[in-house]
Amino acid sequence: MPQSGYKNLASFKMATIVYDLTVIFCQKFLAGKEYGRLVEQMIQAARSGRQNIAEGSVEKSLKMYIKLTGVAKASQEELLLDYQDFLRQRNLELLGKDHEIVRGFREFRAVWVDLGHLNTPDLPSDPKIAANMLITFINQTTFLLGKQITSLEEKFKNEGGYSEKLFNERKNQKYKGN
């Protein structure tokens, strides 16, 4: 189902899937008191990656939009390290981007199937495959966010920011009045 605004952004859709699957991953593979803080951190990083995209996109200030999109990207990078740590600490293989399984994950495209629901894939039952899937999705999300930031910076260079536009409007009004 078509969505409006930030919900149309590929970065937002992928960040939503990363968030939802991270919650499931933590429940499935990191249950137990010894992982309590890690689980909180991972879920918060995934949530932050999603929420900052939404928050930034509704900002009047283009400068703040760029900043919040950068925060979203940084949160995704933090989460990426947690998944890489998960694999390393368990002596599980980090699959390369050209691995057959990862190529399959890279072909996934997030789409809205109805209001509020994306075509979220099932989390694999194998922790190595599940972590590699999320690493792939996080890499896609950070790539998209990087492109989004570059585009926003270009727009800022060409059009200026909110304060600059208000100042120019005020200046134009002042000269019209004289």
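The values are calculated or read from the model by the stated rules, or taken from the named source; none is laboratory data. Computed from a predicted model, the values in this text were never measured in an experiment. Quick reminder, even Gly has a Cβ in these numbers, built from the backbone with ideal geometry, and neighbours come from all protein chains shown. Remember, those area values only see protein heavy atoms, side chains included, never the ligands or the DNA or RNA. Shrake-Rupley method; radii C 1.70, N 1.55, O 1.52, S 1.80 Å.
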For this session: Could you point to the residue in 10, 160, 115 farthest towards the positive end of the chain's charge dipole, with +1 and -1 charges on the Cβ of Lys/Arg and Asp/Glu respectively?
Result: 160
Problem set entry | Projected-area mean, segment 1-160, by convex hull of Cα positions, square nanometres | 9.9
Exercise. In what order, largest first, do 150, 16 sit by accessible area if the probe radius is 1.4 Å?
Worked result: 150, 16
For this session: Can you work out the accessible area per residue across segment 1-109, with the rest of the protein chains kept in place, probe 1.4 Å, in square angstrom?
Result: 56
For this session: Return the sequence-ordered ³J(HN,Hα) values of segment 28-44 in whole Hz as given by the Karplus equation 6.51 cos²θ - 1.76 cosθ + 1.60 applied to θ = phi - 60°, using x for Gly and Pro.
Result: 7, 10, 10, 6, x, 4, 5, 9, x, 5, 4, 4, 4, 5, 5, 5, 5
For this session: Can you send over the solvent-accessible area of residue 114, 1.4 Å probe, protein chains only, in Å² to the nearest 10?
Result: 70
Problem set entry | Portion, in percent, of the accessible area of the chain that falls on carbon or sulfur, probe 1.4 Å | 51
Exercise. Measuring from the lowest to the highest alpha carbon on each principal axis, how far does segment 1-80 reach, largest first, in angstroms?
Worked result: 42, 30, 15
Seminar exercise, completed: Probe 1.4 Å, all chains present, heavy atoms only: residue 102 accessible area in Å², nearest 10, is 10
Exercise. Using +1 on the beta carbon of Lys and Arg, -1 on that of Asp and Glu, and nothing else charged, what's the dipole of segment 99-155 about the Cα centre, debye to 20?
Worked result: 140
Exercise. Could you state the number of Å between the C-alpha centres of segment 1-48 and segment 68-106?
Worked result: 13
Exercise. Trypsin sites (Lys or Arg not before Pro) within segment 1-87: which are DSSP loop residues with at most 15 other Cβ atoms inside 10 Å?
Worked result: 60
Exercise. Looking at segment 1-103, which GluC sites (Glu not before Pro) are in a loop (DSSP not H, G, I, E or B) and have at most 16 other Cβ atoms within 10 Å?
Worked result: 59, 93
For this session: Could you order 57, 125, 11, 151 by accessible surface area, starting with the largest, using a probe radius of 1.4 Å?
Result: 125, 151, 57, 11
For this session: Assign unit charges at the C-beta atoms only (+1 for Lys and Arg, -1 for Asp and Glu), then state the dipole size of segment 11-67 relative to its Cα centre in Debye, rounded to the nearest 20.
Result: 120
Exercise. So what J values fall out for segment 78-89 if you push phi through Karplus, 6.51 cos²θ - 1.76 cosθ + 1.60 with θ = phi - 60°, rounded to Hz, Gly and Pro as x?
Worked result: 4, 5, 4, 4, 4, 5, 5, 4, 3, 5, 4, 5
